[in-house]
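> After the C-alpha coordinates below, expect a handful of questions from me.
The values are calculated or read from the model by the stated rules, or taken from the named source; none is laboratory data. Remember, it's a predicted structure, so these values are computed and weren't measured experimentally. Positions of Cβ are backbone-derived with ideal geometry, glycine not excepted, and every protein chain shown enters the neighbour counts.
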Amino acid sequence: MLDRRQIVAALGTTALATLAPTALLAAPSIKPDDASALLVIDVQNCFLPGGSLAVKEGEQVVPVINKMAKAFSNVVMTQDWHTPGHVSFASVHSGKKPFETIDLPYGKQVLWPDHCVQGTDGAALSKDLAIPHAELIIRKGFHKDVDSYSAFLEADGKTSTGLAGYLKGRKIKRVFVAGLATDFCVAWTALDARKAGFEVYVVEDACRGIDNQGSLAKAWADMAKAGVKRIQSADIAVSA
Ligand code: VGL
Ligand code: ZN
(Lines give C-alpha, C1' and ligand atoms only; values in the text may rest on other atoms or scores of the structure.)
(Ligands and ions follow the chains in the order given, each with its own letter.)
Protein backbone atom coordinates (compact mmCIF):
# COMPACT_ATOMS: atom_id res chain seq x y z
CA MET A 1 0.00 0.00 0.00
CA LEU A 2 1.19 3.52 -0.77
CA ASP A 3 1.17 5.85 2.19
CA ARG A 4 -0.15 9.39 1.99
CA ARG A 5 3.27 10.92 1.47
CA GLN A 6 4.02 8.66 -1.53
CA ILE A 7 0.62 9.41 -3.13
CA VAL A 8 1.16 13.16 -2.82
CA ALA A 9 4.66 12.80 -4.29
CA ALA A 10 3.36 10.73 -7.22
CA LEU A 11 0.55 13.19 -7.91
CA GLY A 12 2.97 16.06 -7.72
CA THR A 13 5.20 14.52 -10.36
CA THR A 14 2.29 13.82 -12.71
CA ALA A 15 0.85 17.30 -12.27
CA LEU A 16 4.21 18.89 -12.97
CA ALA A 17 4.86 16.69 -16.00
CA THR A 18 1.53 17.61 -17.59
CA LEU A 19 1.52 21.27 -16.64
CA ALA A 20 5.10 22.26 -17.29
CA PRO A 21 5.14 22.42 -21.12
CA THR A 22 2.07 24.66 -21.41
CA ALA A 23 3.12 26.81 -18.46
CA LEU A 24 6.61 27.32 -19.88
CA LEU A 25 5.68 27.87 -23.53
CA ALA A 26 2.89 30.42 -23.27
CA ALA A 27 0.13 29.32 -25.63
CA PRO A 28 -0.91 31.79 -28.34
CA SER A 29 -3.63 33.80 -26.68
CA ILE A 30 -5.05 35.97 -29.45
CA LYS A 31 -7.46 34.56 -32.02
CA PRO A 32 -8.29 37.02 -34.82
CA ASP A 33 -12.02 36.99 -35.58
CA ASP A 34 -14.13 38.35 -38.46
CA ALA A 35 -13.95 41.83 -36.90
CA SER A 36 -10.12 41.75 -37.05
CA ALA A 37 -7.93 42.90 -39.93
CA LEU A 38 -4.21 42.55 -40.55
CA LEU A 39 -2.63 45.69 -42.06
CA VAL A 40 0.58 44.85 -43.92
CA ILE A 41 2.45 48.11 -44.26
CA ASP A 42 4.81 48.95 -47.15
CA VAL A 43 6.57 45.61 -47.71
CA GLN A 44 8.01 47.03 -50.93
CA ASN A 45 11.31 46.54 -52.73
CA CYS A 46 12.61 50.02 -51.87
CA PHE A 47 12.49 49.14 -48.16
CA LEU A 48 14.12 45.71 -48.62
CA PRO A 49 17.81 44.82 -49.10
CA GLY A 50 19.13 46.50 -52.25
CA GLY A 51 16.35 49.10 -52.14
CA SER A 52 16.95 52.86 -52.05
CA LEU A 53 15.61 53.18 -48.48
CA ALA A 54 16.44 49.69 -47.25
CA VAL A 55 15.35 48.99 -43.68
CA LYS A 56 17.84 46.87 -41.72
CA GLU A 57 16.63 43.23 -41.62
CA GLY A 58 13.52 44.30 -43.51
CA GLU A 59 13.36 40.99 -45.39
CA GLN A 60 12.96 39.13 -42.09
CA VAL A 61 9.40 40.34 -41.68
CA VAL A 62 8.19 38.55 -44.82
CA PRO A 63 8.00 34.93 -43.56
CA VAL A 64 6.59 36.12 -40.23
CA ILE A 65 3.85 38.10 -42.01
CA ASN A 66 3.08 35.27 -44.45
CA LYS A 67 2.53 32.84 -41.58
CA MET A 68 0.52 35.27 -39.47
CA ALA A 69 -1.70 36.26 -42.40
CA LYS A 70 -3.13 32.72 -42.44
CA ALA A 71 -4.89 33.54 -39.16
CA PHE A 72 -6.76 36.50 -40.68
CA SER A 73 -9.82 36.46 -42.89
CA ASN A 74 -9.26 40.20 -43.56
CA VAL A 75 -5.92 41.47 -44.83
CA VAL A 76 -5.18 44.94 -46.22
CA MET A 77 -1.78 45.85 -47.67
CA THR A 78 -0.36 49.31 -48.24
CA GLN A 79 2.03 50.74 -50.80
CA ASP A 80 4.01 53.94 -50.39
CA TRP A 81 3.31 55.49 -53.82
CA HIS A 82 5.11 58.74 -54.53
CA THR A 83 5.19 60.96 -57.58
CA PRO A 84 8.56 61.58 -59.21
CA GLY A 85 10.04 64.65 -57.47
CA HIS A 86 7.92 64.10 -54.35
CA VAL A 87 8.24 66.73 -51.60
CA SER A 88 9.65 64.09 -49.19
CA PHE A 89 12.67 63.46 -51.42
CA ALA A 90 15.91 65.21 -50.37
CA SER A 91 16.84 65.39 -54.06
CA VAL A 92 14.24 68.13 -54.72
CA HIS A 93 15.50 70.45 -51.93
CA SER A 94 18.76 72.09 -52.87
CA GLY A 95 21.52 71.68 -50.31
CA LYS A 96 19.57 69.05 -48.34
CA LYS A 97 20.65 65.48 -47.69
CA PRO A 98 18.56 62.41 -46.85
CA PHE A 99 17.57 62.12 -43.15
CA GLU A 100 17.74 65.90 -42.64
CA THR A 101 14.47 67.69 -41.91
CA ILE A 102 12.74 70.72 -43.37
CA ASP A 103 9.68 72.72 -42.38
CA LEU A 104 6.72 72.36 -44.73
CA PRO A 105 3.32 74.06 -44.43
CA TYR A 106 1.97 71.00 -42.53
CA GLY A 107 4.97 70.65 -40.19
CA LYS A 108 8.39 69.00 -39.97
CA GLN A 109 9.27 66.64 -42.76
CA VAL A 110 12.15 64.17 -42.72
CA LEU A 111 13.79 64.04 -46.15
CA TRP A 112 14.41 60.66 -47.72
CA PRO A 113 16.31 59.20 -50.64
CA ASP A 114 14.02 58.94 -53.69
CA HIS A 115 11.87 55.85 -53.04
CA CYS A 116 8.64 54.10 -54.04
CA VAL A 117 8.05 56.10 -57.20
CA GLN A 118 4.74 55.14 -58.80
CA GLY A 119 5.00 52.25 -61.24
CA THR A 120 8.68 51.50 -60.60
CA ASP A 121 10.07 48.15 -59.51
CA GLY A 122 11.11 49.70 -56.20
CA ALA A 123 7.49 50.52 -55.44
CA ALA A 124 6.31 46.96 -56.11
CA LEU A 125 5.29 44.74 -53.21
CA SER A 126 7.86 42.08 -52.33
CA LYS A 127 7.47 39.07 -54.61
CA ASP A 128 7.98 36.90 -51.51
CA LEU A 129 4.76 38.04 -49.86
CA ALA A 130 2.32 35.15 -50.08
CA ILE A 131 -1.07 36.56 -49.10
CA PRO A 132 -3.37 35.82 -52.03
CA HIS A 133 -6.45 36.41 -49.86
CA ALA A 134 -5.55 40.09 -49.18
CA GLU A 135 -8.65 42.11 -50.02
CA LEU A 136 -7.41 45.65 -50.53
CA ILE A 137 -4.18 47.40 -51.45
CA ILE A 138 -4.22 51.00 -50.38
CA ARG A 139 -1.75 53.46 -51.86
CA LYS A 140 -0.59 56.56 -50.03
CA GLY A 141 1.79 59.48 -50.46
CA PHE A 142 0.59 60.09 -54.03
CA HIS A 143 0.03 63.84 -53.61
CA LYS A 144 3.25 65.50 -54.73
CA ASP A 145 3.31 68.13 -51.95
CA VAL A 146 2.16 66.02 -48.99
CA ASP A 147 3.74 62.92 -47.46
CA SER A 148 1.70 60.12 -45.91
CA TYR A 149 3.35 57.72 -43.47
CA SER A 150 -0.05 56.76 -42.12
CA ALA A 151 -2.38 54.47 -44.05
CA PHE A 152 -5.29 56.53 -42.67
CA LEU A 153 -4.39 60.23 -42.89
CA GLU A 154 -1.90 62.19 -44.95
CA ALA A 155 0.77 64.26 -43.18
CA ASP A 156 -1.38 67.41 -43.40
CA GLY A 157 -3.40 65.72 -40.65
CA LYS A 158 -6.69 66.06 -42.50
CA THR A 159 -6.72 64.38 -45.90
CA SER A 160 -8.16 60.87 -45.50
CA THR A 161 -7.02 57.89 -47.54
CA GLY A 162 -10.46 56.32 -47.06
CA LEU A 163 -9.12 53.36 -45.06
CA ALA A 164 -11.06 54.10 -41.86
CA GLY A 165 -14.30 54.27 -43.85
CA TYR A 166 -13.47 51.02 -45.63
CA LEU A 167 -12.69 49.17 -42.40
CA LYS A 168 -15.78 50.52 -40.66
CA GLY A 169 -17.90 49.62 -43.67
CA ARG A 170 -16.55 46.08 -43.31
CA LYS A 171 -17.41 46.08 -39.57
CA ILE A 172 -13.76 45.78 -38.53
CA LYS A 173 -13.11 46.64 -34.87
CA ARG A 174 -9.51 45.46 -34.35
CA VAL A 175 -6.43 46.03 -36.48
CA PHE A 176 -3.10 44.26 -36.27
CA VAL A 177 -0.24 46.21 -37.84
CA ALA A 178 2.93 44.70 -39.33
CA GLY A 179 5.55 45.70 -41.90
CA LEU A 180 7.97 48.55 -42.55
CA ALA A 181 9.04 50.74 -40.98
CA THR A 182 8.13 50.40 -37.29
CA ASP A 183 8.99 54.01 -36.44
CA PHE A 184 7.38 55.68 -39.47
CA CYS A 185 4.59 54.10 -41.47
CA VAL A 186 3.75 51.36 -38.94
CA ALA A 187 3.67 53.74 -35.94
CA TRP A 188 1.76 56.53 -37.70
CA THR A 189 -0.76 53.99 -38.98
CA ALA A 190 -1.19 52.49 -35.50
CA LEU A 191 -1.63 55.94 -33.89
CA ASP A 192 -4.21 57.03 -36.47
CA ALA A 193 -6.03 53.72 -36.11
CA ARG A 194 -6.40 54.46 -32.38
CA LYS A 195 -7.68 57.97 -33.21
CA ALA A 196 -10.22 56.42 -35.59
CA GLY A 197 -11.48 54.26 -32.71
CA PHE A 198 -9.99 50.84 -33.49
CA GLU A 199 -8.41 48.45 -31.01
CA VAL A 200 -4.79 48.30 -32.21
CA TYR A 201 -2.03 45.70 -31.93
CA VAL A 202 1.46 46.15 -33.37
CA VAL A 203 3.24 42.85 -33.97
CA GLU A 204 6.81 43.69 -33.02
CA ASP A 205 8.68 40.80 -34.66
CA ALA A 206 6.69 41.34 -37.88
CA CYS A 207 8.14 44.88 -38.16
CA ARG A 208 11.56 46.48 -38.51
CA GLY A 209 12.52 50.11 -37.91
CA ILE A 210 14.68 52.78 -39.54
CA ASP A 211 15.70 54.35 -36.19
CA ASN A 212 16.75 57.83 -37.30
CA GLN A 213 17.87 59.86 -34.25
CA GLY A 214 15.95 57.94 -31.61
CA SER A 215 12.80 57.60 -33.72
CA LEU A 216 12.25 53.93 -32.82
CA ALA A 217 12.13 54.40 -29.03
CA LYS A 218 9.96 57.49 -29.46
CA ALA A 219 7.54 55.61 -31.69
CA TRP A 220 7.09 52.80 -29.13
CA ALA A 221 6.59 55.37 -26.34
CA ASP A 222 3.99 57.29 -28.38
CA MET A 223 2.20 54.06 -29.25
CA ALA A 224 2.14 52.86 -25.63
CA LYS A 225 0.72 56.20 -24.51
CA ALA A 226 -2.02 55.96 -27.15
CA GLY A 227 -3.06 52.50 -25.95
CA VAL A 228 -1.54 50.51 -28.81
CA LYS A 229 -0.84 46.94 -27.69
CA ARG A 230 2.66 45.63 -28.43
CA ILE A 231 2.58 41.90 -29.15
CA GLN A 232 4.68 39.16 -30.81
CA SER A 233 3.58 36.98 -33.72
CA ALA A 234 3.71 33.95 -31.38
CA ASP A 235 0.85 35.52 -29.39
CA ILE A 236 -1.45 34.98 -32.39
CA ALA A 237 -3.04 31.57 -32.84
CA VAL A 238 -2.49 30.23 -36.37
CA SER A 239 -4.12 26.87 -36.96
CA ALA A 240 -1.83 24.46 -38.80
C1 VGL B 1 8.35 55.08 -44.93
C2 VGL B 1 9.91 56.74 -44.85
C3 VGL B 1 9.42 57.29 -46.01
C4 VGL B 1 7.77 53.85 -44.30
C5 VGL B 1 7.84 55.61 -46.09
O6 VGL B 1 7.18 53.01 -45.01
O7 VGL B 1 7.94 53.69 -43.06
N8 VGL B 1 9.36 55.66 -44.31
N9 VGL B 1 8.38 56.71 -46.62
ZN1 ZN C 1 7.70 57.46 -48.49
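> Would you confirm whether or not region 27-43 contains a residue that is closer than 30 Å to His115 by Cα, at pLDDT 95 or above and more than 16 Å from ligand 1 (Cβ to nearest atom)?
yes
This table checks each residue for (1) at pLDDT 95 or above; (2) among the aliphatic types (A, V, I, L, M); (3) farther than 20 Å from Met68 by Cα; (4) surrounded by 15 or more Cβ atoms within 10 Å (Cβ to Cβ).
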| position | (1), (2), (3), (4) |
| --- | --- |
| Ala134 | yes, yes, no, yes |
| Glu154 | yes, no, yes, yes |
| Ala181 | yes, yes, no, yes |
| Ile210 | yes, yes, yes, yes |
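> With the condition kept exactly as written, say whether any residue in region 172-180 is more than 16 Å from ligand 1 (Cβ to nearest atom) and not in a strand (DSSP E or B).
Yes, region 172-180 contains a residue that is more than 16 Å from ligand 1 (Cβ to nearest atom) and not in a strand (DSSP E or B).
> I would also like to ask the following. Can you pull out the residues in region 123-152 that are in contact with a Ser or Thr (Cβ under 6 Å, 6 or more places away or on another chain), more than 10 Å from ligand 2 (Cβ to nearest atom) and not in a loop (DSSP other than H, G, I, E, B)?
Selection gives Ile138 alone.
> For region 102-132, name all the residues that are among the aliphatic types (A, V, I, L, M) and surrounded by fewer than 17 Cβ atoms within 10 Å (Cβ to Cβ).
Correct list: Ile102, Leu104, Ala124, Ala130.
> Can you tell me which residues in region 125-149 are within 14 Å of ligand 1 (Cβ to nearest atom) and of a type in the set (Gly, Ala, Ser)?
Answer for region 125-149, where residues must be within 14 Å of ligand 1 (Cβ to nearest atom) and of a type in the set (Gly, Ala, Ser): Ser126, Gly141, Ser148.
> Here's something else I'd like to know. In the list Phe198, Phe152, which residue meets the criterion of being more than 16 Å from ligand 1 (Cβ to nearest atom), free of Cβ contacts under 8 Å to residues at least 60 places away in the same chain and over 21 Å from Pro98 (Cα atoms)?
Criteria check complete, one pass: Phe198.
> Filter region 144-179 down to the residues that are among the β-branched types (Val, Ile, Thr) and closer than 15 Å to Arg194 by Cβ and list them by number.
Ile172, Val175, Val177
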